[in-house]
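Everything on this sheet refers to the single structure shown next.
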Amino acid sequence: MKELCYPFDGKLIRKNRKKLKRQLLSDGSQRIKKNIAVLGGSTADDVVFALELFLLDSGIEPVFYVSEYNKFYEDAVFGSPELDSFAPDIIYIHTTSRNLTMLPDNTSDSPEDIQSRLEAQFNFFKQMWIKLMEKFSCTIIQNNFELPLCRHSGSYDGWGYYGKSAFISRLNVMMSDYARHNNGFYINDINYLASCMGLEKWHDFEGWYLYKYAMSLDAVPELAYSVASIIKAVYGKKKKVIDLDLDNTLWGGVIGDDGQEGIEIGQETPVGQSFSDFQSFIKEYKNYGVLLAVCSKNDEENALLGLKHPETVLCPDDFVSIKANWNPKNLNIEQSANELNLLADSFVFVDDNPAECAIVEDQLPAVSVINLENVQQAMYSLSRSGFFEVTSISADDLKRNEMYISNAKRIAQQNSFENYEEFLLSLDMNAVIEDFTPVYLQRITQLTNKSNQFNLTTKRYSDSDMEAVFASDEHIRLYGRLCDKFGDNGIVSVVIGKCKGVTLHIELWLMSCRVLKRDMELAMLDTLVEKCRERGISRIIGYYYKTPKNNMVSELYGSFGFELTEKSDNGDSVWNLDISDYKNKNNVIKINTESEKNYE
């Protein structure tokens, strides 16, 4: 919904929130349902209203528990029957600087006294996090703290022992350290949000005195959008590709008219500097695992000349797809998506031409569009949009561009073979398929929340959910890594099944779309059957739950030799496999153990 896309009109959202909610709930979208507990240190009703809209728009249907006013600590540490029965999937602790009780207030205190106050304040919150995690084992989101508007001591307040701003800054660092060392715990950076808005606009003293609003009403949508971005990222609902125009987007000028020597990029002119900064900014997204692509109305020869300019930051090798031709840009984006085995909703399109942006928005509404008016505006829109919110970084994230470029080489080689099995054998594929290990849990969890097409149940797991599965004796768990002569694809497949007597019930089966049609699913099935036999299991029950994105695997179990036992009107199905006479199906992938692999 366009009204809920950044940059949005917060006042319009507050005014029309009921109408917007009705529209969202009536649009026919399938959404995952999540219980979200909001433990508030101030009045949180408006935050919850806005958060609900942003989550509904992203495909998440929230059910809320909201603590009584300023009872966040009591609910967290001492519990409540209502919160216990609610069984939250996510807990959001909505506290602000208004809830800090240990701030320096006496200049006669020693530096050691101030340090003790700081540690006591941190431990006050840490106690809550530990209690909540012990009881609910769920995702926790905690606001850090904004700076005060009013100061007693000028700039000293930001660095001196007795400065409240200095105290808050040090507390925020301690919270950040805690987040880095505790999976499933995330910081919502309201210190940054308040800085962006300006403290004068963030703080509303009258609203606090009258209604106990800890921030101005104008700040509420910004806050809710930030929390929603973290929740979306936890459940894998974020973008994967930035698809970029070239002329007047990555450089100044039109290369077809101006030539390589005439475009503006580099340090010689202010315009060139701005585009160099933009290219550097975009390249940093690649470093976080975001894929980069080109979609330009240009001759390919000219496009490559621009990307090979002596002062360029982004080079052809930085892109997983380059579409430089005179076709409609929406068709080029669709083609790139197909080649990358991604959906259109994975893409963010950036172009300086409003007409091209409008066409893509109309023809591909799932694609997010940024009309580049100037590079500063585009960088700010990308950074505030929440498209690429990071909750964790795995080794596979850092190698993602390299993996997709290697995939393009595989496709090129495939075209030289008439027999598909010969092509697969020519790849010299090796796989490791084993039980989960702690070192890979983060990537496995990440994959369960990112994979939508080759995903039979689309069940989502938080870090704590996956740790519980990892510790369970009732489950058979498999991860699969695949490599070939072109490179390492990383962890690409996950299977989780629960044992009940002599039957294994498949709770999750997914695979990354970048290794489709490589027979990795057959290798996973062979190993799964082997593990079942070791546990005395003779039957596997597979479940397919239909979503708008996973139709490609609706008949996967049938292709494996499972027997269809139940099919619902909504497309869901249940399948049965007697493994007593099962024979291995994989003929093209060599299976190694983790200790044997030699391809990293």
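The values are calculated or read from the model by the stated rules, or taken from the named source; none is laboratory data. Since this is a predicted model, take the numbers as computed values, not measurements. Cβ coordinates were reconstructed from backbone atoms using ideal geometry, including for glycine residues, and neighbour counts include every protein chain displayed. These area figures cover heavy atoms from the full protein model, side chains too; ligands, DNA and RNA do not enter into them. Shrake-Rupley method; radii C 1.70, N 1.55, O 1.52, S 1.80 Å.
Between PHE124 and ARG22, the contour length at 0.36 nm per residue exceeds the Cα-Cα span by 32.7 nm.
Its Kirkwood hydrodynamic radius, worked out from the mean inverse distance over all distinct Cα pairs, puts the range 533-594 at 13.6 Å. For the chain, the share of alpha carbon pairs falling in successive 20 Å distance bins from zero is 18, 47, 31, 4, 0 percent.
Note on exposure: ASP362, ASP351 ranked by accessible area (1.4 Å probe, complete protein assembly) read ASP362, ASP351, with the most exposed listed first.
Extents of the range 1-115, taken as max minus min of Cα coordinates on every principal axis and listed largest first, are 62, 36, 19 Å.
Size descriptors for the range 402-472 (Cα atoms only): Rg and Dmax, in that order, 16.7, 47 Å. The SER392 and ALA471 beta-carbon pair, evaluated with R₀ = 22 Å, returns a calculated FRET efficiency of approximately 0.65. Taking every protein chain into account, the accessible area of the range 78-195 amounts to 47 square angstrom per residue (probe 1.4 Å).
Out of every Cα pair in the range 190-312, what percent are spaced more than 18 Å from each other? So the portion of pairs separated by more than 18 Å is 66 percent.
Note on the range 468-533: Kirkwood hydrodynamic radius from all Cα pairs is 12.7 Å, rounded to one decimal.
Full extension of the chain between CYS315 and LEU199 gives 37.7 nm of extra length, using 0.36 nm per residue less the Cα-Cα distance.
Amide H contacts of ASN143: ILE93, THR95, ASN188, each under 5 Å away and 5 or more positions distant or on a separate chain (H built 1.01 Å from N in the peptide plane; Pro and chain starts excluded).
Restricting the trypsin sites (Lys or Arg not before Pro) of the range 56-117 to loop positions (DSSP other than H, G, I, E, B) with no more than 15 neighbouring Cβ atoms within 10 Å leaves LYS71. The convex hull defined by the C-alpha atoms of the range 251-346 has an orientation-averaged projected area of 6.3 nm². Each residue of the range 109-248 gets 185 Å³ once the volume of the Cα convex hull is shared out per residue. Rg ratio for the range 203-261: its Cα radius of gyration over 2.2 N^0.38 Å, N being its residue count, equals 2.09. In this structure, the amide hydrogen of ASN592, modeled 1.01 Å from its nitrogen in the peptide plane, lies closer than 5 angstrom to those of ALA431, VAL432, ILE433, counting only residues at least 5 positions away or on a different chain. Stretching THR503 away from ASP177 to a fully extended chain increases their span by 113.0 nm, per 0.36 nm per residue minus the current alpha-carbon distance. For the chain, the relative contact order is 10 percent, taking Cα pairs closer than 8 Å that sit 6 or more residues apart in sequence and dividing their mean separation by the residue count. When Rg and the Kirkwood Rh are both derived from Cα coordinates, the Rg/Rh ratio for the range 380-526 amounts to 1.00. As a length-normalised measure over Cα pairs under 8 Å and 6 or more apart, the relative contact order of the range 103-167 settles at 40 percent. Using the Karplus relation 6.51 cos²θ - 1.76 cosθ + 1.60 with θ = phi - 60°, the per-residue 3J(HN,Hα) values for the range 141-146 come to 10, 10, 5, 7, 10, 7 Hz, with x marking Gly and Pro.
Of the cross-linked pairs LYS283/LYS323; LYS239/LYS549; LYS450/LYS517; LYS240/LYS517; LYS459/LYS546; LYS238/LYS585, those separated by over 23 Å at the C-alpha level are LYS238/LYS585. Here the range 303-384 yields Rg over Rh of 0.96, to two decimals, using C-alpha coordinates and the Kirkwood radius. Between GLU300 and GLU555, the C-beta separation translates, for a Förster distance of 41 Å, into a calculated FRET efficiency of about 0.60.
Taken over the range 1-129, lysine pairs spaced eight or more positions apart, or on distinct chains, with alpha carbons under 19 Å apart number 10. Expressed as a whole percent, the proportion of Cα-Cα pairs in the range 437-497 lying more than 20 Å apart is 25%.
Annotation: amide H-H contacts under 5 Å for HIS475 (H modelled 1.01 Å from N, sequence separation of 5 or more, or interchain): CYS499.
The ASP581 and SER85 beta-carbon pair, evaluated with R₀ = 45 Å, returns a calculated FRET efficiency of approximately 0.45.
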